[in-house]
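Chemist: What follows is a single structure, and I will ask about it in a moment.
The values are calculated or read from the model by the stated rules, or taken from the named source; none is laboratory data. Here the structure is a predicted model, which is why all the values come from computation and not from measurement. Virtual Cβ from ideal backbone geometry, glycine too; neighbours counted across all protein chains shown.
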Amino acid sequence: MKPFWRTMATGALLGLSVPALADVKTGVDAWQQGDYAKAIGEWRPLADAGDPDAQFNMGQAYKLGRGVQADMKVAIDWYRKAATQGHMRAEDNLGLLMFQQGDRAAAIPYLQRAAMRGEPRAQYIVGTALFNGDLVDKDWVRAYALMTRASASGLSQASTSLAQMDKYIPEDQRKQGLAMAAKMEQGKGASFAATEPEPIRAAPAPVRAAELPASTPPRPASPAPKSSAPKPQIATAPPPPKPATPANALPKPATSGGWRVQLGAFGEEGNARALWNRLTGKVSGLSAYQLYLVKAGAVTRVQAGPIASSVDASRLCSRIKAAGADCMPKKI
């Protein structure tokens, strides 16, 4: 198989944290207008003072090289500072970037937690590791569950890996994996048996990556012996799903549901409504969802819904992020 190394795709715009703090929002506004230097000028003093949202945004800037020279080590440092303070998106990005930069064993605990939160790229990586027994103990049931969830989010690489797994994982274990995936979807069960990441084993050699064959239905003939069966190997975190693919089509609004997507938070309600008006003009079909302006003290959070499931919420966020806006699934 041909080598399959890929870097995480990034766009000209990125999802940024927009808390009520005016200076952080000023930086986000400057960023979206292309004034990266001004954005960095707003965020850096706040980040140095310990603001986790500003630290996360600084990590994004150094990852993309906007307003500063791209520096993955500095980006990782900023993500880590924000993650230490409980910034979940920073922790997700930290694990993905560490993995991309080759620090795979250290990245796995972050990726496991991100996978439990429903991050599709993390589910893909951890699912592959569990299938191969690389860095973590082999667990085909859990691997199949995570890959199923990542595939349901529209991640094409996960769909390809899932088809490959179908050839080697016994039917009873696949059924157990599907049941586990359903529990993850319903929020009734964690992706892992314990809240702490599974023990990490030192890799004897650099983790290999190989391109997987195109997704095809399982062959009716008997599979090759497991001892000789090729395995899908861990690959660098894949790019987010492309909006144009049918698997990533915009989900239809639900009449009721326990999920919404959060698009930002503002100190003034007028700014919240302005964001909604901009996004409904950019994201086709978003206007069909109901706008929720949720008050939390002096902050107005912009949310859209109702949404039937976390999978649909993630798919909607993928479309919104593709338009250059921030988005986060929220269980209500």
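Chemist: In this structure, does Ser309 turn out to be under 21 Å from Met88 (Cβ atoms) and touching an Asp or Glu at 6+ places or on another chain (Cβ under 9 Å)?
Modeler: On the way: under 21 Å from Met88 (Cβ atoms): yes; touching an Asp or Glu at 6+ places or on another chain (Cβ under 9 Å): yes.
Here the answer is yes, as Ser309 does meet what is asked.
For (1) surrounded by fewer than 22 Cβ atoms within 10 Å (Cβ to Cβ); (2) modelled with pLDDT under 85, each residue gets a yes or a no:
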{"site": "Gly264", "(1), (2)": "no, yes"}
{"site": "Glu268", "(1), (2)": "yes, yes"}
{"site": "Asn271", "(1), (2)": "yes, yes"}
{"site": "Trp276", "(1), (2)": "yes, yes"}
{"site": "Leu291", "(1), (2)": "yes, no"}
{"site": "Val294", "(1), (2)": "yes, no"}
{"site": "Ala298", "(1), (2)": "yes, yes"}
{"site": "Val302", "(1), (2)": "no, no"}
{"site": "Gly305", "(1), (2)": "no, no"}
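Chemist: Another question, then. Among the helices (runs of 4 or more DSSP H) lying completely within the range 63-121, list those that include at least 3 residues that are touching a residue at least 60 places away in the same chain (Cβ under 8 Å) and either over 30 Å from Gly41 (Cα atoms) or not assigned by TED's automatic domain parsing to the domain that holds Ala152 (or both).
Modeler: Ranges flagged: 104-116.
Chemist: Answer yes or no as to whether Lys188 is in a loop (DSSP other than H, G, I, E, B) and at pLDDT below 90.
Modeler: Values: in a loop (DSSP other than H, G, I, E, B): yes; at pLDDT below 90: yes.
Judged against the criteria, Lys188 is a match.
Chemist: Filter the range 139-157 for residues that are in contact (Cβ under 8 Å) with a residue 60 or more places away in the chain and of a type in the set (A, V, I, L, M, F, W, C); which is surrounded by the most Cβ atoms within 10 Å (Cβ to Cβ)?
Modeler: Top of the filtered list is Leu155.
Chemist: While we're looking at this one, here's another question. Identify, from the list Ala308, Ala313, Ala322, the residue that is closer than 17 Å to Trp259 by Cβ, among the aliphatic types (A, V, I, L, M) and within 16 Å of the chain's Cα centre (by Cα).
Modeler: None of the others qualify; the one that does is Ala313.
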